[in-house]
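Colleague: Have a look at this one.
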Amino acid sequence: MEFKEITAKTVDEAITKACLEFETSSDNLEIQVVQEGTSGFLGFIGSKPAVIKVRKKVQEEEFDILKELAKEEKKEKKAPVKEEKKEPKKDIKKETKPVKEQKKGTVTKTQTENKEVKPVAKEAQPKPEPRKPIVRTEEQVQQMKQDAEKFLTGVFGAMELPVEITMNYDKTADCLEIDFAGEDMGILIGKRGQTLDSLQYLTSLVVNKEQQDYVRVKVDTENYRSRRKDTLENLAKNIAFKVRKTRKPVVLEPMNPYERRIIHSALQGNKYVETYSEGNEPYRHVVVVYKGK
């Protein structure tokens, strides 16, 4: 596969663009830095963009894994199911032993075993009541939007970045959805979406400051969240094939809780591998291991 040239203000932004374009993580990319970006005099005079060359790493293991898995599935289908031979049961004569006289009021062990033990009925536990939907007035929704817009406008103004902000309140999910549009949205996404996650966290703090009931805030741009989810699900499937082939665990890169849930969910029904998280934030990561027999 030939290299593709990508330009941006900085090398990190160029790598982010490459990850979005190739729909994979940076670990699966071969990156060559052609030119480091420079800001120039006063931030724009004589500035130079960052230039990198990127291509996907050749993963020959995946093709071998797919071939071997296909062979194994064919063998499992063709292999006849052997019926187990049932051996005739042997008649075992019961030995008769003389019964000793027992004292009145004593109970033997065999007598207690022959008695039927009645199951004790457990008390029915009350089911948890479903969470009542939160109904917000139009004034509350407008106040949330104003607080979010005031905060984000100040942030983008300090960055000297023209951004079009669109907001929508989802009553069913009780979520304030915020979308950004502009030319250099790679800056707002950041490396693996870290800048976007930080903006989402800070905006949530601002919005919920004046709210009695917590409202969820979702920040997105250029449909990044959906594309990132697809990338992580594909990554999870490739890792599962590798673990099944090598029988060795694979440790993924550190991810936020939302992305870790995507990996766990993608491999939840897999018969051959299982996942768990380990480590402390912000370095907590997912581990994929082989189940075995």
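The values are calculated or read from the model by the stated rules, or taken from the named source; none is laboratory data. Remember, predicted model here, so these are calculated numbers, not experimental data. Cβ coordinates were reconstructed from backbone atoms using ideal geometry, including for glycine residues, and neighbour counts include every protein chain displayed. Just the protein is used for accessible areas: all its heavy atoms, side chains included, with ligands, DNA and RNA removed. Shrake-Rupley method; radii C 1.70, N 1.55, O 1.52, S 1.80 Å.
Colleague: Can you tell me which residues in region 207-221 are out of contact with any Lys or Arg (no Cβ under 8 Å at 6 or more places or on another chain) and surrounded by 16 or more Cβ atoms within 10 Å (Cβ to Cβ)?
Modeller: Val207, Asn208, Val217, Val219, Asp220, Thr221
Colleague: Does region 261-271 include one or more residues that are buried (at least 16 other Cβ atoms within 10 Å of the Cβ), among the aliphatic types (A, V, I, L, M), outside any helix (DSSP H, G or I) and touching a helix residue (DSSP H, G or I) at 6+ places or on another chain (Cβ under 7 Å)?
Modeller: yes
Colleague: Does Tyr201 count as modelled with pLDDT of 90 or more, among the hydroxyl-bearing types (Ser, Thr, Tyr) and open to solvent by 50 Å² or more (accessible area, probe 1.4 Å)?
Modeller: Yes: the conditions hold for Tyr201.
Colleague: Consider region 226-249. How many of its residues are of a type in the set (A, V, I, L, M) and under 13 Å from Asp27 (Cα atoms)?
Modeller: The total comes to 3.
Colleague: To continue, here is another question. If the requirement is being assigned to a helix (DSSP H, G or I) and either surrounded by 12 or more Cβ atoms within 10 Å (Cβ to Cβ) or modelled with pLDDT of 55 or more (or both), which of these qualifies: Ile52, Ile6, Ile15?
Modeller: Exactly one residue qualifies, and that residue is Ile15.
Colleague: Do we find that Leu232 is surrounded by 12 or more Cβ atoms within 10 Å (Cβ to Cβ), in contact (Cβ under 8 Å) with a residue 24 or more places away in the chain and closer than 30 Å to Ala181 by Cα in this structure?
Modeller: Yes.
Colleague: Report yes if some residue within region 233-240 is touching an Asp or Glu at 6+ places or on another chain (Cβ under 8 Å), more than 15 Å from Arg284 (Cβ to Cβ) and modelled with pLDDT of 90 or more; otherwise report no.
Modeller: Scanning region 233-240 turns up at least one residue that is touching an Asp or Glu at 6+ places or on another chain (Cβ under 8 Å), more than 15 Å from Arg284 (Cβ to Cβ) and modelled with pLDDT of 90 or more.
Colleague: Could you tell me which of the residues Lys191, Lys127, Lys109 is of a type in the set (Lys, Arg), modelled with pLDDT under 90, open to solvent by 90 Å² or more (accessible area, probe 1.4 Å) and within 24 Å of the chain's Cα centre (by Cα)?
Modeller: Exactly one of Lys191, Lys127, Lys109 is of a type in the set (Lys, Arg), modelled with pLDDT under 90, open to solvent by 90 Å² or more (accessible area, probe 1.4 Å) and within 24 Å of the chain's Cα centre (by Cα), namely Lys191.
Colleague: Related question: So, Tyr224, is that one surrounded by fewer than 17 Cβ atoms within 10 Å (Cβ to Cβ) and farther than 17 Å from Tyr276 by Cα or not? Steps first, answer last, please.
Modeller: Numbers: surrounded by fewer than 17 Cβ atoms within 10 Å (Cβ to Cβ): no; farther than 17 Å from Tyr276 by Cα: yes.
No, not satisfied.
Colleague: On the basis of being open to solvent by 50 Å² or more (accessible area, probe 1.4 Å) and in contact with a Pro (Cβ under 8 Å, 6 or more places away or on another chain), does Pro254 make the cut?
Modeller: The answer is yes for Pro254.
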